[in-house]
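What follows is a short report on a single structure.
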Amino acid sequence: MLDIKLIRSNPDFVKERLSTRDKAYSKMIDEILAVDEERRALIKELEDLKAEKNRISKQIGVLFREGKKEEAEKAKEEVHAKNKKIDQLERELKDVEKRFNYLLLSVPNIPHPSVPVGEDEEENVEIRRWGEPRRFDFEPLPHWDIGEKMGILDFERGAKLSGSRFTVMYGYAAKIERALISLMLDLHTKKHGYTEVWTPVLVKPEILTGTGQLPKFEEDLYKVCDEDLYLIPTAEVSLTNLHANEILKEEELPKYYTAYTPCFRREAGSHGKDVRGILRQHQFDKVELVKIVKPEDSYNELEKLVKEAEKVLQLLELPYRVVELCTGDLGFSASKTYDIEVWVPSQNRYREISSCSNTEDFQARRAKIRYKDKEGKNHFVHTLNGSGLAVGRTLLAIMENYQRKDGGFDLPEVLKKYM
RNA sequence: GGAGAGGUGGCCGAGCGGUCGAAGGCGGCUCCCUGCUAAGGAGUUGAGCGGGUUUCCCCGCUCCGAGGGUUCAAAUCCCUCCCUCUCCGCCA
(Lines give C-alpha, C1' and ligand atoms only; values in the text may rest on other atoms or scores of the structure.)
Protein backbone atom coordinates (compact mmCIF):
# COMPACT_ATOMS: atom_id res chain seq x y z
CA MET A 1 0.00 0.00 0.00
CA LEU A 2 1.26 3.44 -0.85
CA ASP A 3 1.36 6.19 1.72
CA ILE A 4 -1.72 8.31 1.18
CA LYS A 5 0.34 11.28 2.30
CA LEU A 6 2.69 10.72 -0.61
CA ILE A 7 -0.20 10.50 -3.06
CA ARG A 8 -1.69 13.64 -1.57
CA SER A 9 1.48 15.71 -1.56
CA ASN A 10 2.96 14.45 -4.79
CA PRO A 11 0.29 13.01 -7.07
CA ASP A 12 2.17 13.77 -10.28
CA PHE A 13 5.23 11.88 -9.14
CA VAL A 14 3.11 8.87 -8.18
CA LYS A 15 1.24 8.92 -11.47
CA GLU A 16 4.42 9.25 -13.48
CA ARG A 17 6.08 6.32 -11.72
CA LEU A 18 3.01 4.08 -11.90
CA SER A 19 2.47 4.85 -15.56
CA THR A 20 5.69 2.96 -16.23
CA ARG A 21 3.74 -0.13 -15.16
CA ASP A 22 0.47 0.73 -16.82
CA LYS A 23 -1.03 3.97 -18.07
CA ALA A 24 -4.37 3.16 -16.45
CA TYR A 25 -3.21 3.96 -12.92
CA SER A 26 -3.35 7.69 -13.44
CA LYS A 27 -7.12 7.72 -13.33
CA MET A 28 -7.10 5.60 -10.21
CA ILE A 29 -4.90 8.10 -8.38
CA ASP A 30 -7.33 10.90 -9.21
CA GLU A 31 -10.17 8.82 -7.89
CA ILE A 32 -8.30 8.14 -4.68
CA LEU A 33 -7.59 11.81 -4.17
CA ALA A 34 -11.26 12.65 -4.62
CA VAL A 35 -12.42 10.00 -2.17
CA ASP A 36 -9.71 11.01 0.28
CA GLU A 37 -10.96 14.56 0.29
CA GLU A 38 -14.50 13.42 0.84
CA ARG A 39 -13.31 11.19 3.62
CA ARG A 40 -11.38 13.83 5.45
CA ALA A 41 -14.18 16.35 5.27
CA LEU A 42 -16.47 13.77 6.87
CA ILE A 43 -13.94 12.97 9.58
CA LYS A 44 -13.56 16.61 10.47
CA GLU A 45 -17.30 17.17 10.71
CA LEU A 46 -17.78 13.99 12.70
CA GLU A 47 -15.00 14.68 15.16
CA ASP A 48 -16.19 18.19 15.87
CA LEU A 49 -19.62 16.81 16.62
CA LYS A 50 -18.21 14.13 18.88
CA ALA A 51 -16.06 16.60 20.77
CA GLU A 52 -19.15 18.68 21.43
CA LYS A 53 -21.11 15.61 22.48
CA ASN A 54 -18.39 14.41 24.84
CA ARG A 55 -18.22 17.82 26.44
CA ILE A 56 -21.95 17.89 27.15
CA SER A 57 -21.98 14.30 28.37
CA LYS A 58 -19.37 15.10 30.95
CA GLN A 59 -21.45 18.05 32.08
CA ILE A 60 -24.43 15.81 32.62
CA GLY A 61 -22.51 13.79 35.13
CA VAL A 62 -21.61 16.96 37.00
CA LEU A 63 -25.15 18.33 36.86
CA PHE A 64 -26.59 15.14 38.30
CA ARG A 65 -24.14 15.21 41.13
CA GLU A 66 -25.10 18.77 41.89
CA GLY A 67 -28.75 17.79 41.84
CA LYS A 68 -29.62 19.98 38.87
CA LYS A 69 -31.95 17.43 37.37
CA GLU A 70 -33.77 19.73 34.99
CA GLU A 71 -30.66 21.10 33.36
CA ALA A 72 -29.34 17.59 33.02
CA GLU A 73 -32.45 16.43 31.24
CA LYS A 74 -32.20 19.34 28.84
CA ALA A 75 -28.61 18.46 28.09
CA LYS A 76 -29.64 14.88 27.43
CA GLU A 77 -31.96 15.98 24.67
CA GLU A 78 -29.18 17.99 23.15
CA VAL A 79 -26.88 14.99 23.05
CA HIS A 80 -29.67 12.90 21.65
CA ALA A 81 -29.96 15.17 18.67
CA LYS A 82 -26.23 15.14 18.13
CA ASN A 83 -26.17 11.36 18.30
CA LYS A 84 -28.66 11.14 15.48
CA LYS A 85 -26.47 13.27 13.27
CA ILE A 86 -23.37 11.36 14.34
CA ASP A 87 -25.02 8.10 13.45
CA GLN A 88 -25.84 9.25 9.98
CA LEU A 89 -22.38 10.67 9.33
CA GLU A 90 -20.78 7.51 10.63
CA ARG A 91 -22.68 5.41 8.14
CA GLU A 92 -21.59 7.74 5.36
CA LEU A 93 -17.99 7.62 6.50
CA LYS A 94 -18.02 3.84 6.68
CA ASP A 95 -19.06 3.71 3.05
CA VAL A 96 -16.50 6.21 1.91
CA GLU A 97 -13.78 4.51 3.92
CA LYS A 98 -14.59 1.16 2.38
CA ARG A 99 -14.25 2.61 -1.08
CA PHE A 100 -11.08 4.43 -0.09
CA ASN A 101 -9.44 1.33 1.34
CA TYR A 102 -10.32 -0.82 -1.60
CA LEU A 103 -8.85 1.71 -4.00
CA LEU A 104 -5.70 2.22 -1.97
CA LEU A 105 -5.20 -1.53 -1.64
CA SER A 106 -5.53 -1.91 -5.40
CA VAL A 107 -2.65 0.39 -6.31
CA PRO A 108 0.62 -1.43 -6.98
CA ASN A 109 3.99 -0.44 -5.58
CA ILE A 110 6.10 2.28 -7.11
CA PRO A 111 9.01 0.88 -9.12
CA HIS A 112 12.46 1.83 -7.86
CA PRO A 113 14.15 4.47 -10.08
CA SER A 114 16.79 1.94 -11.10
CA VAL A 115 14.21 -0.43 -12.63
CA PRO A 116 14.35 -0.46 -16.44
CA VAL A 117 11.19 0.86 -18.06
CA GLY A 118 9.52 -1.66 -20.32
CA GLU A 119 6.22 -3.24 -21.22
CA ASP A 120 6.66 -6.94 -20.65
CA GLU A 121 9.19 -9.68 -20.05
CA GLU A 122 10.73 -9.04 -23.46
CA GLU A 123 12.26 -5.94 -21.98
CA ASN A 124 13.73 -7.49 -18.86
CA VAL A 125 17.45 -6.92 -18.60
CA GLU A 126 19.98 -9.71 -18.22
CA ILE A 127 22.39 -8.96 -15.38
CA ARG A 128 24.72 -11.94 -15.38
CA ARG A 129 25.11 -15.57 -16.40
CA TRP A 130 26.65 -18.45 -14.54
CA GLY A 131 27.71 -21.80 -16.02
CA GLU A 132 27.72 -23.07 -19.57
CA PRO A 133 24.68 -24.84 -20.96
CA ARG A 134 25.81 -28.37 -21.72
CA ARG A 135 26.24 -29.50 -25.32
CA PHE A 136 24.45 -32.77 -25.85
CA ASP A 137 25.63 -35.37 -28.33
CA PHE A 138 22.04 -36.54 -28.53
CA GLU A 139 18.65 -34.83 -28.63
CA PRO A 140 17.86 -33.92 -24.99
CA LEU A 141 14.46 -35.07 -23.82
CA PRO A 142 11.97 -33.00 -21.87
CA HIS A 143 11.76 -34.04 -18.22
CA TRP A 144 8.26 -35.50 -18.64
CA ASP A 145 9.57 -38.04 -21.10
CA ILE A 146 12.46 -38.92 -18.84
CA GLY A 147 10.20 -39.10 -15.81
CA GLU A 148 7.52 -41.22 -17.42
CA LYS A 149 10.01 -43.61 -18.96
CA MET A 150 11.69 -44.08 -15.61
CA GLY A 151 8.31 -44.48 -13.95
CA ILE A 152 8.97 -41.71 -11.43
CA LEU A 153 6.61 -39.02 -12.73
CA ASP A 154 2.95 -39.92 -13.21
CA PHE A 155 0.81 -37.27 -14.85
CA GLU A 156 -2.13 -39.54 -15.56
CA ARG A 157 -2.66 -40.54 -12.00
CA GLY A 158 -2.06 -36.98 -10.87
CA ALA A 159 -4.94 -35.99 -13.11
CA LYS A 160 -7.02 -38.87 -11.84
CA LEU A 161 -6.60 -37.76 -8.25
CA SER A 162 -6.84 -34.02 -8.66
CA GLY A 163 -7.10 -32.90 -12.27
CA SER A 164 -4.70 -31.30 -14.69
CA ARG A 165 -1.52 -29.66 -13.42
CA PHE A 166 -1.25 -32.17 -10.60
CA THR A 167 1.45 -34.82 -10.61
CA VAL A 168 2.38 -37.91 -8.65
CA MET A 169 6.05 -38.61 -8.04
CA TYR A 170 7.44 -42.01 -7.11
CA GLY A 171 10.69 -43.30 -5.66
CA TYR A 172 13.69 -41.48 -7.03
CA ALA A 173 11.85 -38.29 -7.98
CA ALA A 174 10.04 -38.05 -4.66
CA LYS A 175 13.30 -38.63 -2.87
CA ILE A 176 15.21 -36.00 -4.83
CA GLU A 177 12.41 -33.57 -4.06
CA ARG A 178 12.95 -34.24 -0.36
CA ALA A 179 16.72 -34.11 -0.66
CA LEU A 180 16.55 -30.74 -2.41
CA ILE A 181 14.43 -29.29 0.36
CA SER A 182 17.00 -30.41 2.93
CA LEU A 183 19.90 -29.11 0.90
CA MET A 184 18.31 -25.71 0.50
CA LEU A 185 17.25 -25.34 4.12
CA ASP A 186 20.67 -26.45 5.34
CA LEU A 187 22.42 -23.96 3.10
CA HIS A 188 20.29 -21.02 4.13
CA THR A 189 20.28 -21.78 7.84
CA LYS A 190 23.91 -22.82 8.21
CA LYS A 191 25.63 -20.53 5.71
CA HIS A 192 23.30 -17.55 5.27
CA GLY A 193 22.01 -16.99 8.80
CA TYR A 194 18.33 -17.74 8.27
CA THR A 195 15.99 -19.10 10.92
CA GLU A 196 14.10 -22.14 9.75
CA VAL A 197 10.37 -21.76 10.19
CA TRP A 198 7.46 -24.10 9.84
CA THR A 199 4.17 -22.35 9.14
CA PRO A 200 0.51 -23.00 8.50
CA VAL A 201 -0.40 -23.18 4.82
CA LEU A 202 -3.98 -22.12 5.44
CA VAL A 203 -4.27 -18.45 6.28
CA LYS A 204 -6.87 -15.78 6.91
CA PRO A 205 -7.85 -13.21 4.29
CA GLU A 206 -6.25 -10.30 6.13
CA ILE A 207 -2.93 -12.11 6.00
CA LEU A 208 -3.14 -12.28 2.22
CA THR A 209 -4.09 -8.63 2.18
CA GLY A 210 -0.93 -7.92 4.13
CA THR A 211 1.34 -9.27 1.44
CA GLY A 212 -0.76 -8.00 -1.47
CA GLN A 213 -2.50 -11.09 -2.88
CA LEU A 214 -5.87 -9.76 -1.76
CA PRO A 215 -8.11 -8.01 -2.58
CA LYS A 216 -7.02 -7.89 -6.23
CA PHE A 217 -5.87 -11.42 -6.98
CA GLU A 218 -8.42 -13.64 -5.33
CA GLU A 219 -8.91 -15.65 -8.53
CA ASP A 220 -5.32 -16.92 -8.25
CA LEU A 221 -5.96 -18.45 -4.84
CA TYR A 222 -7.60 -21.59 -3.51
CA LYS A 223 -10.13 -20.89 -0.82
CA VAL A 224 -11.46 -23.59 1.46
CA CYS A 225 -15.20 -23.85 1.65
CA ASP A 226 -17.03 -23.54 4.98
CA GLU A 227 -14.21 -21.55 6.43
CA ASP A 228 -12.67 -18.16 5.74
CA LEU A 229 -9.24 -19.56 4.94
CA TYR A 230 -7.04 -19.67 1.85
CA LEU A 231 -4.19 -21.94 0.81
CA ILE A 232 -0.97 -19.96 0.56
CA PRO A 233 0.45 -19.38 -2.93
CA THR A 234 3.91 -18.94 -1.38
CA ALA A 235 5.47 -19.05 2.08
CA GLU A 236 6.25 -15.37 1.61
CA VAL A 237 2.69 -14.87 2.86
CA SER A 238 3.13 -16.69 6.17
CA LEU A 239 6.69 -15.56 6.80
CA THR A 240 6.21 -11.87 6.10
CA ASN A 241 3.03 -11.75 8.15
CA LEU A 242 4.69 -13.36 11.14
CA HIS A 243 5.18 -9.83 12.44
CA ALA A 244 1.95 -8.29 11.19
CA ASN A 245 0.61 -5.69 13.61
CA GLU A 246 3.83 -5.73 15.58
CA ILE A 247 6.23 -3.01 16.55
CA LEU A 248 9.69 -4.55 16.57
CA LYS A 249 12.70 -3.28 18.43
CA GLU A 250 15.38 -1.77 16.24
CA GLU A 251 17.98 -4.20 17.57
CA GLU A 252 15.81 -7.16 16.50
CA LEU A 253 16.41 -6.27 12.86
CA PRO A 254 17.27 -7.66 10.43
CA LYS A 255 15.23 -10.86 10.62
CA TYR A 256 15.93 -13.65 8.15
CA TYR A 257 13.37 -16.43 7.78
CA THR A 258 13.33 -19.47 5.57
CA ALA A 259 10.61 -22.07 5.24
CA TYR A 260 9.76 -25.03 3.13
CA THR A 261 6.06 -25.21 2.30
CA PRO A 262 3.88 -26.54 -0.43
CA CYS A 263 2.40 -23.70 -2.48
CA PHE A 264 -1.00 -23.61 -4.14
CA ARG A 265 -1.92 -21.59 -7.19
CA ARG A 266 -4.95 -21.77 -9.40
CA GLU A 267 -2.93 -20.52 -12.35
CA ALA A 268 -5.96 -18.66 -13.59
CA GLY A 269 -5.19 -17.07 -16.91
CA SER A 270 -2.36 -19.41 -17.81
CA HIS A 271 -4.43 -21.79 -19.91
CA GLY A 272 -2.35 -23.53 -22.49
CA LYS A 273 0.93 -22.30 -21.00
CA ASP A 274 3.45 -24.93 -19.94
CA VAL A 275 0.79 -27.59 -19.71
CA ARG A 276 3.20 -30.48 -19.96
CA GLY A 277 5.51 -31.56 -17.19
CA ILE A 278 5.96 -30.11 -13.74
CA LEU A 279 6.98 -26.57 -14.63
CA ARG A 280 3.61 -25.08 -13.80
CA GLN A 281 1.60 -27.00 -11.22
CA HIS A 282 -1.31 -26.15 -8.96
CA GLN A 283 0.65 -27.56 -6.03
CA PHE A 284 4.41 -27.29 -5.77
CA ASP A 285 7.14 -27.19 -3.15
CA LYS A 286 9.20 -24.15 -2.48
CA VAL A 287 11.85 -23.07 -0.02
CA GLU A 288 11.25 -19.39 0.59
CA LEU A 289 13.51 -16.66 1.92
CA VAL A 290 12.10 -13.62 3.69
CA LYS A 291 13.95 -10.67 5.15
CA ILE A 292 12.59 -7.99 7.43
CA VAL A 293 15.04 -5.11 7.53
CA LYS A 294 15.55 -1.42 8.20
CA PRO A 295 14.75 0.79 5.20
CA GLU A 296 18.31 1.97 4.69
CA ASP A 297 19.53 -1.63 4.33
CA SER A 298 16.92 -3.05 1.99
CA TYR A 299 18.67 -2.66 -1.35
CA ASN A 300 21.89 -4.11 -0.03
CA GLU A 301 19.87 -6.97 1.37
CA LEU A 302 18.21 -7.55 -1.98
CA GLU A 303 21.57 -8.03 -3.68
CA LYS A 304 22.59 -10.45 -0.94
CA LEU A 305 19.30 -12.29 -1.19
CA VAL A 306 19.74 -12.96 -4.90
CA LYS A 307 23.23 -14.31 -4.32
CA GLU A 308 21.96 -16.59 -1.57
CA ALA A 309 19.40 -18.06 -3.94
CA GLU A 310 21.98 -18.33 -6.74
CA LYS A 311 24.23 -20.31 -4.43
CA VAL A 312 21.82 -23.23 -4.60
CA LEU A 313 22.17 -23.46 -8.37
CA GLN A 314 25.91 -23.10 -8.12
CA LEU A 315 26.09 -26.00 -5.68
CA LEU A 316 23.93 -28.06 -8.01
CA GLU A 317 26.04 -26.90 -10.96
CA LEU A 318 23.04 -25.83 -12.97
CA PRO A 319 23.59 -23.02 -15.50
CA TYR A 320 21.47 -19.95 -14.91
CA ARG A 321 21.15 -16.27 -15.54
CA VAL A 322 19.88 -13.37 -13.47
CA VAL A 323 17.52 -10.88 -15.05
CA GLU A 324 16.15 -7.65 -13.72
CA LEU A 325 12.44 -7.25 -14.35
CA CYS A 326 11.32 -4.18 -16.22
CA THR A 327 8.51 -1.99 -14.90
CA GLY A 328 5.80 -3.70 -16.95
CA ASP A 329 6.72 -7.17 -15.69
CA LEU A 330 7.11 -6.21 -12.05
CA GLY A 331 4.81 -7.93 -9.55
CA PHE A 332 2.13 -5.94 -7.74
CA SER A 333 3.97 -5.55 -4.42
CA ALA A 334 7.52 -5.24 -5.70
CA SER A 335 9.63 -2.14 -6.08
CA LYS A 336 12.42 -4.07 -7.69
CA THR A 337 12.75 -7.71 -8.67
CA TYR A 338 15.49 -10.00 -9.90
CA ASP A 339 14.48 -13.30 -11.42
CA ILE A 340 16.86 -16.22 -11.51
CA GLU A 341 16.32 -18.39 -14.56
CA VAL A 342 17.72 -21.87 -14.88
CA TRP A 343 18.72 -23.44 -18.18
CA VAL A 344 16.13 -25.88 -19.55
CA PRO A 345 17.74 -27.93 -22.36
CA SER A 346 14.53 -29.29 -23.91
CA GLN A 347 13.22 -25.76 -24.38
CA ASN A 348 16.63 -24.38 -25.26
CA ARG A 349 16.11 -21.42 -22.98
CA TYR A 350 16.24 -20.13 -19.42
CA ARG A 351 13.14 -20.47 -17.24
CA GLU A 352 12.30 -18.76 -13.96
CA ILE A 353 13.26 -20.71 -10.86
CA SER A 354 13.39 -17.89 -8.34
CA SER A 355 12.03 -14.39 -7.99
CA CYS A 356 13.65 -12.04 -5.49
CA SER A 357 11.94 -8.79 -4.62
CA ASN A 358 12.24 -5.77 -2.42
CA THR A 359 8.77 -4.49 -1.58
CA GLU A 360 10.19 -1.64 0.50
CA ASP A 361 7.44 -0.59 2.92
CA PHE A 362 4.57 -1.61 0.64
CA GLN A 363 3.76 -4.83 2.50
CA ALA A 364 4.87 -3.43 5.85
CA ARG A 365 2.29 -0.67 5.55
CA ARG A 366 -0.46 -3.17 4.69
CA ALA A 367 0.51 -5.64 7.39
CA LYS A 368 1.49 -2.89 9.87
CA ILE A 369 4.97 -4.17 10.53
CA ARG A 370 6.97 -1.46 12.23
CA TYR A 371 10.02 -0.94 14.36
CA LYS A 372 10.81 1.59 17.04
CA ASP A 373 14.05 3.48 16.61
CA LYS A 374 16.37 4.71 19.36
CA GLU A 375 14.41 7.96 19.67
CA GLY A 376 11.24 5.98 20.22
CA LYS A 377 9.77 6.81 16.81
CA ASN A 378 7.97 4.16 14.80
CA HIS A 379 8.85 3.39 11.20
CA PHE A 380 7.69 0.83 8.71
CA VAL A 381 10.21 -1.90 8.02
CA HIS A 382 11.17 -3.01 4.54
CA THR A 383 10.31 -6.57 3.54
CA LEU A 384 12.02 -8.75 0.96
CA ASN A 385 11.26 -12.17 -0.36
CA GLY A 386 12.79 -14.65 -2.73
CA SER A 387 12.55 -18.27 -3.69
CA GLY A 388 15.49 -20.25 -2.57
CA LEU A 389 14.39 -22.15 -4.75
CA ALA A 390 11.27 -23.53 -6.38
CA VAL A 391 11.86 -27.21 -5.67
CA GLY A 392 9.88 -28.86 -8.49
CA ARG A 393 11.56 -26.70 -11.06
CA THR A 394 14.93 -27.55 -9.58
CA LEU A 395 14.13 -31.24 -9.92
CA LEU A 396 13.10 -30.69 -13.51
CA ALA A 397 16.31 -28.81 -14.22
CA ILE A 398 18.40 -31.61 -12.75
CA MET A 399 16.57 -34.25 -14.77
CA GLU A 400 17.09 -32.39 -18.00
CA ASN A 401 20.57 -30.97 -17.50
CA TYR A 402 22.01 -34.19 -16.09
CA GLN A 403 20.24 -36.55 -18.47
CA ARG A 404 22.07 -39.42 -20.17
CA LYS A 405 21.70 -40.92 -23.59
CA ASP A 406 20.27 -44.09 -22.07
CA GLY A 407 17.21 -42.18 -20.83
CA GLY A 408 18.31 -41.86 -17.22
CA PHE A 409 19.95 -38.93 -15.47
CA ASP A 410 22.83 -38.36 -13.07
CA LEU A 411 22.74 -36.70 -9.70
CA PRO A 412 24.60 -33.50 -8.83
CA GLU A 413 27.48 -34.32 -6.50
CA VAL A 414 26.21 -32.24 -3.54
CA LEU A 415 22.90 -34.01 -3.53
CA LYS A 416 24.33 -37.48 -3.03
CA LYS A 417 24.82 -37.15 0.69
CA TYR A 418 21.16 -36.20 1.04
CA MET A 419 19.87 -39.31 -0.75
C1' G B 1 -17.32 -31.18 20.20
C1' G B 2 -18.90 -30.49 25.81
C1' A B 3 -18.08 -27.99 30.81
C1' G B 4 -15.53 -24.18 33.42
C1' A B 5 -12.03 -19.85 33.82
C1' G B 6 -10.09 -15.82 31.39
C1' G B 7 -8.51 -12.01 27.43
C1' U B 8 -6.71 -4.43 30.21
C1' G B 9 -0.50 -0.35 28.11
C1' G B 10 6.64 -3.46 26.61
C1' C B 11 5.45 -7.09 30.83
C1' C B 12 2.65 -8.14 35.53
C1' G B 13 -1.81 -6.45 37.47
C1' A B 14 -6.09 -3.23 39.67
C1' G B 15 -10.59 -1.13 37.99
C1' C B 16 -16.60 -3.64 37.17
C1' G B 17 -21.55 2.73 34.52
C1' G B 18 -19.36 9.43 34.59
C1' U B 19 -13.88 12.42 37.81
C1' C B 20 -10.28 6.11 33.36
C1' G B 21 -6.03 6.23 28.21
C1' A B 22 -6.79 3.71 32.62
C1' A B 23 -4.13 2.76 40.09
C1' G B 24 0.19 0.06 41.58
C1' G B 25 4.54 -2.68 40.35
C1' C B 26 8.40 -4.25 36.88
C1' G B 27 11.04 -2.74 32.67
C1' G B 28 12.77 1.62 29.50
C1' C B 29 14.43 6.76 29.33
C1' U B 30 16.09 11.58 31.81
C1' C B 31 17.93 13.88 36.06
C1' C B 32 19.72 13.94 41.32
C1' C B 33 22.72 11.45 44.90
C1' U B 34 27.52 8.83 44.44
C1' G B 35 35.18 8.12 43.98
C1' C B 36 33.13 3.73 40.82
C1' U B 37 29.34 0.06 40.97
C1' A B 38 25.10 -1.50 43.59
C1' A B 39 21.26 0.60 46.34
C1' G B 40 18.24 5.10 46.91
C1' G B 41 15.36 9.62 45.30
C1' A B 42 12.61 12.77 41.51
C1' G B 43 10.45 12.97 36.87
C1' U B 44 9.06 10.71 32.41
C1' U B 45 7.34 6.59 29.36
C1' G B 46 1.23 3.30 24.39
C1' A B 47 -0.79 3.38 19.32
C1' G B 48 -3.63 5.17 15.07
C1' C B 49 -6.13 9.05 12.59
C1' G B 50 -7.54 14.25 11.64
C1' G B 51 -6.32 19.40 12.33
C1' G B 52 -3.37 23.66 13.86
C1' U B 53 1.52 25.50 14.34
C1' U B 54 5.51 23.67 11.22
C1' U B 55 8.72 21.02 13.03
C1' C B 56 9.15 17.22 17.28
C1' C B 57 4.71 21.79 20.34
C1' C B 58 -0.60 22.17 20.87
C1' C B 59 -5.85 20.65 20.05
C1' G B 60 -9.54 16.95 18.80
C1' C B 61 -11.29 11.92 17.72
C1' U B 62 -10.60 6.63 18.26
C1' C B 63 -8.47 2.25 20.66
C1' C B 64 -9.01 -1.89 27.50
C1' G B 65 -9.55 -9.58 22.23
C1' A B 66 -13.21 -8.45 17.64
C1' G B 67 -18.08 -6.96 16.14
C1' G B 68 -22.94 -5.42 17.52
C1' G B 69 -26.49 -3.51 21.40
C1' U B 70 -28.38 -0.70 25.98
C1' U B 71 -27.35 4.47 27.90
C1' C B 72 -26.89 11.44 27.74
C1' A B 73 -22.37 8.49 29.20
C1' A B 74 -19.29 1.61 28.72
C1' A B 75 -12.81 -1.17 30.16
C1' U B 76 -17.16 -1.59 33.30
C1' C B 77 -24.06 -3.97 31.66
C1' C B 78 -26.26 -7.34 27.45
C1' C B 79 -25.61 -10.37 22.76
C1' U B 80 -22.53 -12.79 18.93
C1' C B 81 -17.82 -14.31 17.43
C1' C B 82 -12.47 -15.21 18.00
C1' C B 83 -8.38 -16.63 21.00
C1' U B 84 -5.86 -18.67 25.55
C1' C B 85 -5.90 -21.94 29.87
C1' U B 86 -8.02 -26.35 32.79
C1' C B 87 -10.95 -30.84 32.65
C1' C B 88 -13.74 -34.42 29.53
C1' G B 89 -14.56 -36.48 24.61
C1' C B 90 -12.49 -37.40 19.71
C1' C B 91 -8.19 -37.84 16.74
C1' A B 92 -2.90 -38.03 13.06
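The values are calculated or read from the model by the stated rules, or taken from the named source; none is laboratory data. Note that the structure is a prediction, hence the values are computed from the model and not measured. Quick reminder, even Gly has a Cβ in these numbers, built from the backbone with ideal geometry, and neighbours come from all protein chains shown. Keep in mind that these areas ignore ligands, DNA and RNA; they rest on the heavy atoms of the full protein, side chains included. Shrake-Rupley method; radii C 1.70, N 1.55, O 1.52, S 1.80 Å.
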For segment A:123-142, does any single residue satisfy the condition of being assigned by TED's automatic domain parsing to the domain that holds A:Ser270, open to solvent by 70 Å² or more (accessible area, probe 1.4 Å) and touching an Asp or Glu at 6+ places or on another chain (Cβ under 6 Å)? yes
Tell me which residues, restricted to segment A:1-44, are at pLDDT 90 or above and hydroxyl-bearing (Ser, Thr, Tyr). A:Ser19, A:Thr20, A:Tyr25, A:Ser26
Considering residues that are under 23 Å from A:Gln281 (Cβ atoms) and not in a helix (DSSP H, G or I), the number found within segment A:339-367 is 16
Tell me, which residue of segment A:70-106 that is more than 30 Å from A:Glu37 (Cα to Cα) and touching a Leu at 6+ places or on another chain (Cβ under 8 Å) is farthest from RNA strand B (Cβ to nearest atom)? A:Glu71
Just a yes or no: is a residue in segment A:47-59 surrounded by 17 or more Cβ atoms within 10 Å (Cβ to Cβ), at negative phi and not basic (Lys, Arg)? no
Given the structure, is A:Glu310 open to solvent by 20 Å² or more (accessible area, probe 1.4 Å), at pLDDT 95 or above and more than 26 Å from A:Lys216 (Cβ to Cβ)? no
Report, by residue number, each residue of segment A:363-384 that is open to solvent by 10 Å² or more (accessible area, probe 1.4 Å), in contact with a Ser or Thr (Cβ under 7 Å, 6 or more places away or on another chain) and under 16 Å from A:Gln213 (Cβ atoms). A:Arg366
Before we move on, is A:Val342 open to solvent by less than 10 Å² (accessible area, probe 1.4 Å) and in the same structural domain as A:Thr211 (by TED's automatic domain parsing)? yes
Suppose the filter is in the same structural domain as A:Leu183 (by TED's automatic domain parsing) and open to solvent by less than 60 Å² (accessible area, probe 1.4 Å); does A:Leu242 pass it? no
Where the second residue is away from RNA strand B (no atom under 12 Å from the Cβ) and open to solvent by 80 Å² or more (accessible area, probe 1.4 Å) and the first is assigned to a helix (DSSP H, G or I) and lies in segment A:1-19, which pairs have Cβ atoms under 9 Å and are six or more apart or on separate chains? A:Leu6/A:Phe13; A:Arg17/A:Pro113
Being open to solvent by 20 Å² or more (accessible area, probe 1.4 Å), within 16 Å of RNA strand B (Cβ to nearest atom), more than 18 Å from the chain's Cα centre (by Cα) and in the same structural domain as A:Leu180 (by TED's automatic domain parsing) narrows it down to one residue among A:Glu296, A:Glu251; which is it? A:Glu251
What about A:Leu185, is it part of a helix (DSSP H, G or I) and open to solvent by 20 Å² or more (accessible area, probe 1.4 Å)? no
I want to confirm something. Restricting to segment A:46-69 and keeping residues that are in contact with a helix residue (DSSP H, G or I) (Cβ under 6 Å, 6 or more places away or on another chain) and in contact (Cβ under 8 Å) with a residue 24 or more places away in the chain, which single residue is farthest from RNA strand B (Cβ to nearest atom)? A:Leu49
Please verify whether segment A:261-282 includes one or more residues that are assigned to a loop (DSSP other than H, G, I, E, B), without any contact (Cβ under 8 Å) to a residue 60 or more places away in the chain and within 26 Å of A:His112 (Cα to Cα). no
